[in-house]
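Peer 1: Here it is, the structure, as structure tokens.
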Amino acid sequence: MLPSLEQIRDSILAVIPATVELVPTNSLRVDRESALAVANFLKRDPKLRLDFCSCVTAVDYIKQDCIEVVYHLYSVALKHGPVVLKVRAPRAVEQCRVPSLTPVWRGCEYQEREAFDLYGVKFDGHPDLRRILMWDEFVDHPMRKDYVAPMDYEWEPTPHGETLARAKAQGGVVPASALEAKK
Amino acid sequence: MSATGIIETQTLEVSLGPQHPSTHGVFRMDVVLDGEYVVKLKPVMGYLHRNHEQIAEKLNWLGSMPYTDRLDYFCSMTNNWAYALAVEKMTGLKVPERAEYIRVIMAELTRLLNHSCAIGFLISDAGAWFTPVLYAIRERELILDFFEAVSGARMMCNYMRFGGVRVDLDDATLAMARNLVERWPKFLDEFEALLLGNEVFAARAQGVGILPRELAVNGSISGPVARASGVEYDIRKVDKYGVYERFDFRVPVGEKGDTFDRFMIRILEMRESVKILQQALRDIPAGPFIASETKLRNFKVPAGDGYGRIEAPKGELGFYLVSDGGAKPCRYHVRPPSFINLTVLEDMCLGQKVADAVIILGSIDIVLGEVDR
């Protein structure tokens, strides 16, 4: 049987000086500084043994001005779960850093790369943090809620003033043929 | 030749793919070779990336159901189910019993067609071009005929709905399914005898690409790949979603975790799937096939987040959804088994020959629609 969320929180706080917040329906939100220590504890504690990190993803909460990284943890040894671990980071690209949990669960490796690629979360301590789905030259993070697709690589075949204005505002390259049609 | 008289050698970097039949789609492996041996391997993906998750966040809840078909385009039925399950968890919709049985029948037929084709393609990768895979595709076509009779489409079925399924099975389609299930063990015997007794294939596959149990668990590997390494973990048994706890079936587990075990585990899983199908087709109750309280239009999900997962043929397929109470998902994330199973590809290939890297990749069984999303 999986201990209740309160019991898990208390057992974490007995060992690690962390800020652990309960979020309804099965999640624990920990502060960035102690996330790695908490993850190590959850994996090794004999009552929990959460050895299988199933799903890693990020969520953009634009209204609360934060990006939340969500880890779904299961135990293969004890066949229970999930315990959901959440870590929040500010949205600003330079400050959007959380510790990588790849040293604890190897399965986070590609999923954290994906979260970095699509959301711009930098995972400190990740062995190989590169883009994974988008190409290397891509500059932005397309899953962020405020992302605007540039107009220069998917311009409309019958351009109108609004399209061209948006392309120009974003510094995109307006295809020559589009300008021809405008004339 | 150097001054000491020893011939200097250097490593060779080869780009395997993206346009290469053994990569099962547009997938690339950057391989560094020392002679014929792999010393480094980095998978490169994203060639099929269309930001499926963002498309889904711009559609209403039901609107992305047909898009889930395109994730793992071999197994649209299980993709539908995983998404429906996640939404049902968040809304608390109860699925009628008949719909649960129909879902089990569809999912297990999907497992049969996926595993038989995966084995066929693996044998193709090993060098037995086309004949074995065409045996598998011949049988798969019969299942696709059944899917077409039920849902109107061979592969892009778009069949499940929140709280049930779209169309009921009538007597004619049920008889079709019974025929299929009766036919399958004969095909399986033939297929297994053809391949299991094949010394060349055994020599190619045994002891190649060993995945240790600890690494499989730590690397979040799921599905047949993990079970071949001795991880006794099947979400059908652990989560008991749907009506799976009513069926009597076993979870086959491998010993060594090599390519041969991953091939064998799929044969054994198909035999268990046939057992589940026989029981489901025998016990299927009468009744409604979709919950009466479900709404196709103006469907809303209460605010909060939820994670639903099922045992898809390739591994754990999960959907993590966040709702703000509106008509569209606030966050829609797919946990794709093929993508995550690639995490340990390099570990399995190091020290193996480059030709073995191809069959190791084949034994993981990836679909690029799901890897790249």
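The values are calculated or read from the model by the stated rules, or taken from the named source; none is laboratory data. From a predicted model like this one, the values you see are computed outputs, not experimental measurements. Positions of Cβ are backbone-derived with ideal geometry, glycine not excepted, and every protein chain shown enters the neighbour counts.
Peer 1: Report yes if B:Ser229 is within 12 Å of another protein chain (Cβ to nearest Cβ), on the phi > 0 side of the Ramachandran plot and among the polar types (S, T, N, Q), otherwise no.
Peer 2: It is false that B:Ser229 is within 12 Å of another protein chain (Cβ to nearest Cβ), on the phi > 0 side of the Ramachandran plot and among the polar types (S, T, N, Q).
Peer 1: Filter the stretch A:126-144 down to residues that are β-branched (Val, Ile, Thr) and facing another protein chain (nearest Cβ under 10 Å), then give me how many there are.
Peer 2: Of the residues in that region, 1 qualify.
Peer 1: Now a separate question. I'd like to verify a number: residues in the stretch B:228-252 that are farther than 27 Å from B:Arg282 by Cα and surrounded by fewer than 20 Cβ atoms within 10 Å (Cβ to Cβ), how many?
Peer 2: Residues in the stretch B:228-252 being farther than 27 Å from B:Arg282 by Cα and surrounded by fewer than 20 Cβ atoms within 10 Å (Cβ to Cβ): 2 in total.
Peer 1: Is it true that some residue in the stretch B:264-272 is over 17 Å from the mean Cα position of the chain (by Cα) and modelled with pLDDT of 90 or more?
Peer 2: no
Peer 1: Name every residue in the stretch A:45-78 that is acidic (Asp, Glu) and closer than 16 Å to A:Val98 by Cβ, in order of residue number.
Peer 2: Across the stretch A:45-78, the qualifying residues are A:Asp60, A:Asp65, A:Glu68.
Peer 1: On the given criteria, is B:Asp189 acidic (Asp, Glu) and either over 28 Å from B:Leu277 (Cβ atoms) or free of Cβ contacts under 8 Å to residues at least 40 places away in the same chain (or both)?
Peer 2: Considered against the rule, which asks whether it is acidic (Asp, Glu) and either over 28 Å from B:Leu277 (Cβ atoms) or free of Cβ contacts under 8 Å to residues at least 40 places away in the same chain (or both), B:Asp189 comes out as yes.
Peer 1: For a quick check of your reading: which strands (runs of 3 or more DSSP E) sit entirely within the stretch A:43-125 and have at least 3 residues that are within 12 Å of another protein chain (Cβ to nearest Cβ) and closer than 26 Å to B:Tyr233 by Cα?
Peer 2: A:52-61, A:66-75, A:80-90
Peer 1: Is it true that some residue in the stretch B:205-221 is small (Gly, Ala, Ser) and touching a Cys at 6+ places or on another chain (Cβ under 8 Å)?
Peer 2: yes
Peer 1: Just name the residue that is farthest from B:Asp171 (Cα to Cα) out of those in the stretch B:95-138 that are of a type in the set (Asp, Glu) and at pLDDT 90 or above.
Peer 2: My answer is B:Glu108.
Peer 1: For the stretch A:1-42, which residues satisfy the criterion of being within 14 Å of chain B (Cβ to nearest Cβ) and among the basic types (Lys, Arg)?
Peer 2: The one that is within 14 Å of chain B (Cβ to nearest Cβ) and among the basic types (Lys, Arg): A:Arg29.
Peer 1: I've got another one for you. Inside the stretch B:1-103, counting only strands (runs of 3 or more DSSP E) that do not spill past its ends, which hold 2 or more residues that are in contact with a Pro (Cβ under 9 Å, 6 or more places away or on another chain)?
Peer 2: Filter on the stretch B:1-103 gives B:28-34.
Peer 1: Do we find a residue being in contact with a Ser or Thr (Cβ under 6 Å, 6 or more places away or on another chain), within 27 Å of A:Leu85 (Cα to Cα) and surrounded by fewer than 22 Cβ atoms within 10 Å (Cβ to Cβ) anywhere in the stretch B:291-303?
Peer 2: yes
Peer 1: Quick check on my filter: what residues within the stretch B:168-222 are in a helix (DSSP H, G or I) and within 14 Å of chain A (Cβ to nearest Cβ)?
Peer 2: Within the stretch B:168-222, B:Arg213, B:Glu214, B:Leu215, B:Ala216, B:Val217, B:Asn218 meet the criteria.
Peer 1: Please enumerate the residues belonging to the stretch B:22-36 that are surrounded by fewer than 16 Cβ atoms within 10 Å (Cβ to Cβ) and at negative phi.
Peer 2: B:Asp30, B:Val32, B:Asp34, B:Glu36
Peer 1: Step by step: first the residues of the stretch B:294-327, then only those that are part of a loop (DSSP other than H, G, I, E, B) and within 30 Å of B:Ile265 (Cβ to Cβ), then the one that is nearest to the other protein chains (Cβ to nearest Cβ). Which residue is that?
Peer 2: B:Lys314
Peer 1: Mind checking whether some residue in the stretch B:320-339 is under 19 Å from B:Phe27 (Cβ atoms), buried (at least 20 other Cβ atoms within 10 Å of the Cβ), among the small types (Gly, Ala, Ser) and modelled with pLDDT under 90?
Peer 2: no
Peer 1: Could you go through the stretch B:274-290 and let me know if any residue there is under 20 Å from B:Ile123 (Cα atoms), away from every other protein chain (no Cβ under 14 Å) and in a helix (DSSP H, G or I).
Peer 2: There is no residue in the stretch B:274-290 that is under 20 Å from B:Ile123 (Cα atoms), away from every other protein chain (no Cβ under 14 Å) and in a helix (DSSP H, G or I).
Peer 1: Identify the single condition in (1) modelled with pLDDT under 90; (2) within 12 Å of chain A (Cβ to nearest Cβ); (3) surrounded by 24 or more Cβ atoms within 10 Å (Cβ to Cβ) that B:Ile359 does not satisfy, given that it satisfies every other one.
Peer 2: So the condition that B:Ile359 fails would be (2).
Peer 1: In the stretch A:19-36, how many are more than 16 Å from A:Ser4 (Cβ to Cβ) and surrounded by 18 or more Cβ atoms within 10 Å (Cβ to Cβ)?
Peer 2: 4
Peer 1: Moving to a separate point now. Name the one entry in A:Lys43, A:Lys47, A:Lys79 that is more than 19 Å from the chain's Cα centre (by Cα) and either crowded, with 19+ Cβ neighbours inside 10 Å or not charged (D, E, K, R) (or both).
Peer 2: A:Lys43 is the lone residue from the list that is more than 19 Å from the chain's Cα centre (by Cα) and either crowded, with 19+ Cβ neighbours inside 10 Å or not charged (D, E, K, R) (or both).
Peer 1: Among the residues of the stretch B:232-245, which ones are hydrophobic (A, V, I, L, M, F, W, C) and within 12 Å of chain A (Cβ to nearest Cβ)?
Peer 2: Within the stretch B:232-245, B:Ile235, B:Val238 qualify.
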